[in-house]
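Colleague: Sharing a structure here in structure tokens format.
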Amino acid sequence: MVKTVQRTIENPLGSPIHVLLAQPESDVNTSKSPISMVISTAANPANQSLLCYVYAVPTSTDVLSTVLTDTTDDTVRETAVRISKLCAKKSGKPFYLTIASDGGPNKMNVDQLLLCKECVSLIDKE
């Protein structure tokens with residue numbers, strides 16, 4: 001089974017950010033069971049464009065990551081990689097992160113530290 005958590009983060013720089021986290025529950029929870037997170041500027045990310053897709057995997061000494069779908073916005077990419085690495089490190093599991101936006105002029109105008117802190121706090125360390 002998969003536990004799904006949804007949270008809305010009040011963004012001081014623009015529209016609220018919606019986070020959806022899918023994490024395996026204890027009956028299927030192994031070190032290889034991946035965790036998925038979607039960050040979007042709308043409650044329904046299916047209606048938005050994919051900005052960035054990142055995969056991160058923890059090793060015994062570090063966290064490795066790769067950008068699977070890239071964006072021209074360096075801030076979005078750096079934030080996505082940072083969140084992916086922090087969440088993979090905290091959980092000890094592979095981690096997929098999707099960032100979606102409507103593509104408007106303020107695609108992801110967000111407080112990066114607040115977003116990182118809120119996203120990492122959603123991860124259950126087991």
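The values are calculated or read from the model by the stated rules, or taken from the named source; none is laboratory data. No experiment lies behind these values; they were computed from the predicted model shown. We place every Cβ from the backbone using ideal geometry, glycine too, and count neighbours over all the protein chains shown.
Colleague: Output the number of residues of the range 1-10 satisfying the condition of being touching an Asp or Glu at 6+ places or on another chain (Cβ under 8 Å) and in a strand (DSSP E or B). Give the steps one after another, and end with the answer.
Modeller: Kept after step one, since they are touching an Asp or Glu at 6+ places or on another chain (Cβ under 8 Å), are these residues of the range 1-10: 1-3, 7, 9.
If we keep only those that are in a strand (DSSP E or B) too, we end up with 2-3, 7, 9.
Of the residues in the range 1-10, 4 are touching an Asp or Glu at 6+ places or on another chain (Cβ under 8 Å) and in a strand (DSSP E or B).
Colleague: Can you tell me which residue in the range 33-64 is farthest from residue 109 (Cα to Cα), limited to those that are under 13 Å from the mean Cα position of the chain (by Cα) and polar (S, T, N, Q)?
Modeller: Pass one, the range 33-64, residues under 13 Å from the mean Cα position of the chain (by Cα): 34-41, 45, 50-56.
Applying the additional criterion that residues be polar (S, T, N, Q) yields 36, 40-41.
Details: 36: 22, 40: 11, 41: 9 Å.
Only one residue fits best here, namely 36.
Colleague: I'd like to verify a number: residues in the range 31-73 that are without any contact (Cβ under 8 Å) to a residue 40 or more places away in the chain and within 12 Å of residue 89 (Cα to Cα), how many?
Modeller: Final tally of qualifying residues: 9.
Colleague: Before we move on, is residue 76 modelled with pLDDT under 90, touching a Ser or Thr at 6+ places or on another chain (Cβ under 9 Å) and part of a helix (DSSP H, G or I)? First the steps, then the outcome.
Modeller: On the way: modelled with pLDDT under 90: yes; touching a Ser or Thr at 6+ places or on another chain (Cβ under 9 Å): yes; part of a helix (DSSP H, G or I): yes.
When the stated conditions are applied, residue 76 passes them.
Colleague: Does residue 83 qualify as being over 12 Å from residue 123 (Cα atoms) and buried (at least 17 other Cβ atoms within 10 Å of the Cβ)? First the steps, then the outcome.
Modeller: Numbers: over 12 Å from residue 123 (Cα atoms): no; buried (at least 17 other Cβ atoms within 10 Å of the Cβ): yes.
In short, no.
Colleague: Across the range 79-126, which residue is modelled with the lowest pLDDT among those that are of a type in the set (Lys, Arg) and touching a Ser or Thr at 6+ places or on another chain (Cβ under 7 Å)?
Modeller: Filtering the range 79-126 down to residues of a type in the set (Lys, Arg) leaves 82, 85, 89-90, 93, 107, 117, 125.
So of that shortlist, the ones also touching a Ser or Thr at 6+ places or on another chain (Cβ under 7 Å) come out as 85, 93, 107, 125.
On the way: 85: 97, 93: 92, 107: 64, 125: 57.
Step by step, filter the range 79-126, then rank; the result is 125.
Colleague: Test of understanding: among 65, 60, 49, which residue is under 16 Å from residue 17 (Cβ atoms) and hydroxyl-bearing (Ser, Thr, Tyr)? Break it down stepwise before answering.
Modeller: Details: 65 fails: under 16 Å from residue 17 (Cβ atoms); 60 fails: under 16 Å from residue 17 (Cβ atoms).
On inspection, the qualifying residue turns out to be 49.
Colleague: Exactly one of these conditions fails for residue 80: (1) in contact with a helix residue (DSSP H, G or I) (Cβ under 7 Å, 6 or more places away or on another chain); (2) under 17 Å from residue 116 (Cβ atoms); (3) hydrophobic (A, V, I, L, M, F, W, C). Give me its number.
Modeller: It is condition (1) that residue 80 fails.
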